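Asks: Shown below is the structure under consideration.
The values are calculated or read from the model by the stated rules, or taken from the named source; none is laboratory data. Source: prediction; values computed, not measured. Backbone-built Cβ (ideal geometry, glycine too); neighbour counts: all protein chains shown.
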Amino acid sequence: MEASPLVVTLVASLALAYAGGMLAHAARLPPLLGYLLAGIVVGSFAPALIADHRVVEQLAEIGVALLLFGVGLHFSLYDAVAVWRIAVPGALFQVAASSAIGFGVGRFIGFATSGASVFAGCLAVASTVVATRGLQDSGRLRTNTGRVALGWLVMQDLIVVGVLVVLPGGAPAITAKYGAVVSFALELAEVLLYAGAMLLLGRRLIPWVLTRTAREGSHELFRLSVLVTALGIAYLSAVLLGVSLALGAFFAGFVIADSDVSHQAAGESVPIQQVFTVLFFVSVGMLFDPLEFMRMPLQIAAAVAVLLGNGLLTLLILLALRVTPRGAAEVAAALAQIGEFSFILSDTAVARGILPAEGRHLVLAAALISILLQPLMFRVAAAVGPRLERVTFLRAWHAGGRKARSRATIPILEQHAIIVGHGRVGSVVAASLRSEAIPYIVIEQNLRFAESLRRESIPVVYGDASWPEVLDAAHPEKARLLVIAVPDQSATRRILATARRINPKIEVVVRTHSAQEAIWLESNAVALAVVGEQQAARVMAKYTLKRFAK
């Protein structure tokens, strides 16, 4: 019995992705580079496998939808409100400026005005999949940096949806009757109505359904309900609005983000999402023709230069908006690439005769190179961010922005404790100190938590404690103890270094999930490094022995 193209393509793609990922890991490179290489092999050098790119593309679309569903689960309405002042104007200006640069490059290459305009749009927007994967790997997805990047990416995606609408042939009946402007306005109204319905009805109905399912106690049914929610809403969004499955799935996760079941929903979707997301990178590799490097080396280099320029432009915009230099560098690194929406836009433009096929080849080549450069870009951001923090002008500019926002006055205490992070761990420590009337100040990066604490008359500083001005506001030079209750290992080390520079004698208590990290912390004069799993094991063992001793 002959296997179907679906089975052959799926098995071949995953097998080669596994082999490529293992090779990349052995070479100390990100596995996604191996997935891209697998796609190139399947698409260009392995015709005997009968690899059907359309099959891989459809499977990859499921993975992208599930990935964006997970992203939405970590991007609540409160996060959206917190970053909109940065993401909306920043993304609009960046896309406009990047498009202007891309248009000039397109005209230089020889594209017509309409073709150069579409080519510019393709180079102006980043891949949500690649950016979120990079932020996730670096541990920054759930930080303020990640929230700004996600808000920026959502704005870019909405802009591309609008561009697809106004392309000639995008909505022929409406455009022919009313014109492109009215057509765009109607499509925008549909999107806003849909978003409003999701916020008003979806935020109540969908969490209610998932909660009722969870109460049944069946993990299988709950997992199924999560997948139906993610893919079902994504499909309805695509049918009703013509947007991508990915954007619809993001909305699905977004409306669940503030519910009690959001964390479990994320956990249930991750294993399936990871497998299917691999196919996205394989599909990108399959589209690439290695011979294009030889045919258009200068044009490809120009397109890649535009993408790197996008990163620099994003950095400058974020600095102007008073984002911390470290955070601005990380967001810029995440956005210095292009991906899935650029593929959709270029394919649509080629199909309608607006962009020549050469333009699509350039977009694909630039996308592949920019994805390959992503790990390097994050390393550059990690090196550049701290150096920018030492620039006097930038420090003063950022500090002035915080003062302009009328932050609450922090009392000057002595012999107090500083608690970084008021989550599940930090709140318990704070409650213990409060019960003993021991003074403390909280540093909290979640604005919603910070405002809640402030309403309770608890001294709180809003911001990233690794930023010196934020830590200074808690008066570490007069503090007796610093409790770092955030799980981010890299942030912990930065906070520790900053605190020791200000007050070398301050005692430090750190929360960590790694025994190896605990050893490193204790070797660096940390008074106590608590490993959550080990502490739980000790308590459980102690109780067990006590019961058997009776």
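Asks: Does L355 qualify as being crowded, with 21+ Cβ neighbours inside 10 Å and farther than 18 Å from V129 by Cβ?
Replies: Answer is yes for this residue.
Asks: Among the residues of the stretch 84-129, count how many are within 30 Å of L36 (Cα to Cα) and not in a helix (DSSP H, G or I).
Replies: The number of residues fulfilling the criteria is 5.
Asks: When both residues are 6+ apart or on different chains and their Cβ atoms are under 7 Å apart, which pairs have a first residue that lies in the stretch 270-281 and is of a type outside the set (F, W, Y) and surrounded by fewer than 16 Cβ atoms within 10 Å (Cβ to Cβ), and a second that is at pLDDT below 80 and in a helix (DSSP H, G or I)?
Replies: The qualifying pairs are V270/G70.
Asks: Just checking, does the stretch 382-398 include any residue being part of a helix (DSSP H, G or I), crowded, with 18+ Cβ neighbours inside 10 Å and at pLDDT below 75?
Replies: Checked the stretch 382-398: at least one residue is part of a helix (DSSP H, G or I), crowded, with 18+ Cβ neighbours inside 10 Å and at pLDDT below 75.
Asks: So, one more: Report, by residue number, each residue of the stretch 476-520 that is buried (at least 20 other Cβ atoms within 10 Å of the Cβ) and assigned to a loop (DSSP other than H, G, I, E, B).
Replies: Across the stretch 476-520, the qualifying residues are A479, A485, V486.
Asks: Which residue, of A479, A497, is in contact with a Ser or Thr (Cβ under 9 Å, 6 or more places away or on another chain) and among the small types (G, A, S)?
Replies: A497
Conditions (1) at pLDDT below 85; (2) small (G, A, S); (3) in contact with a Cys (Cβ under 9 Å, 6 or more places away or on another chain), marked per residue:
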{"position": "V105", "(1), (2), (3)": "no, no, no"}
{"position": "S117", "(1), (2), (3)": "no, yes, no"}
{"position": "G162", "(1), (2), (3)": "yes, yes, no"}
{"position": "T175", "(1), (2), (3)": "yes, no, no"}
{"position": "S183", "(1), (2), (3)": "yes, yes, no"}
{"position": "A197", "(1), (2), (3)": "yes, yes, no"}
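Asks: Anything in the stretch 468-493 that is over 22 Å from K505 (Cβ atoms) and not small (G, A, S)? List them, or say none.
Replies: The answer is V486, P487, D488, Q489.
Asks: Further question on the same structure: Could you tell me how many of the residues in the stretch 463-472 are surrounded by fewer than 22 Cβ atoms within 10 Å (Cβ to Cβ) and closer than 18 Å to E414 by Cβ?
Replies: The number of residues fulfilling the criteria is 1.
Asks: Ok, one more. If I ask for residues that are over 16 Å from G151 (Cα atoms) and in contact with a Ser or Thr (Cβ under 8 Å, 6 or more places away or on another chain), which ones from the stretch 323-338 would you list?
Replies: R326, Q337, I338
Asks: V306 - would you say it is closer than 25 Å to L92 by Cα, touching a Gly at 6+ places or on another chain (Cβ under 9 Å) and not acidic (D, E)?
Replies: Answer is yes for this residue.
Asks: Among the listed residues S225, S237, which satisfies the condition of being of a type in the set (G, A, S), in a helix (DSSP H, G or I) and more than 27 Å from A131 (Cα to Cα)?
Replies: S225
Asks: Test of understanding: among L482, L496, which residue is under 23 Å from A383 (Cβ atoms) and among the aliphatic types (A, V, I, L, M)?
Replies: Of L482, L496, the one residue that is under 23 Å from A383 (Cβ atoms) and among the aliphatic types (A, V, I, L, M) is L496.
Asks: If A320 satisfies every condition in (1) of a type in the set (G, A, S); (2) free of Cβ contacts under 8 Å to residues at least 12 places away in the same chain; (3) touching a Ser or Thr at 6+ places or on another chain (Cβ under 6 Å) but one, which is the exception?
Replies: All conditions are met except number (3).
Asks: OK, next. Do we find that A366 is surrounded by 12 or more Cβ atoms within 10 Å (Cβ to Cβ) and either charged (D, E, K, R) or at pLDDT 85 or above (or both) in this structure?
Replies: Considered against the rule, which asks whether it is surrounded by 12 or more Cβ atoms within 10 Å (Cβ to Cβ) and either charged (D, E, K, R) or at pLDDT 85 or above (or both), A366 comes out as yes.
Asks: Just to check your reading of the model, which residue among R424, R434 is in the same structural domain as A491 (by TED's automatic domain parsing) and farther than 16 Å from V510 by Cα?
Replies: R434
Listed here are the residues, each with its yes/no results for (1) surrounded by fewer than 19 Cβ atoms within 10 Å (Cβ to Cβ); (2) not in a loop (DSSP other than H, G, I, E, B).
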residue	(1), (2)
V425	yes, yes
V429	no, yes
S432	yes, yes
I438	yes, no
I443	no, yes
R448	yes, yes
V461	no, yes
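Asks: Select from the stretch 204-217 the residues that are touching a Phe, Trp or Tyr at 6+ places or on another chain (Cβ under 9 Å) and not in a loop (DSSP other than H, G, I, E, B) and write down the one among them that is nearest to G253 (Cα to Cα).
Replies: L210
Asks: Let me ask something else about it. All but one of (1) of a type outside the set (K, R); (2) in contact with a Gly (Cβ under 8 Å, 6 or more places away or on another chain); (3) at pLDDT 80 or above hold for L221; state the number of the condition that does not hold.
Replies: In the conditions (1) of a type outside the set (K, R); (2) in contact with a Gly (Cβ under 8 Å, 6 or more places away or on another chain); (3) at pLDDT 80 or above, L221 misses (2) alone.
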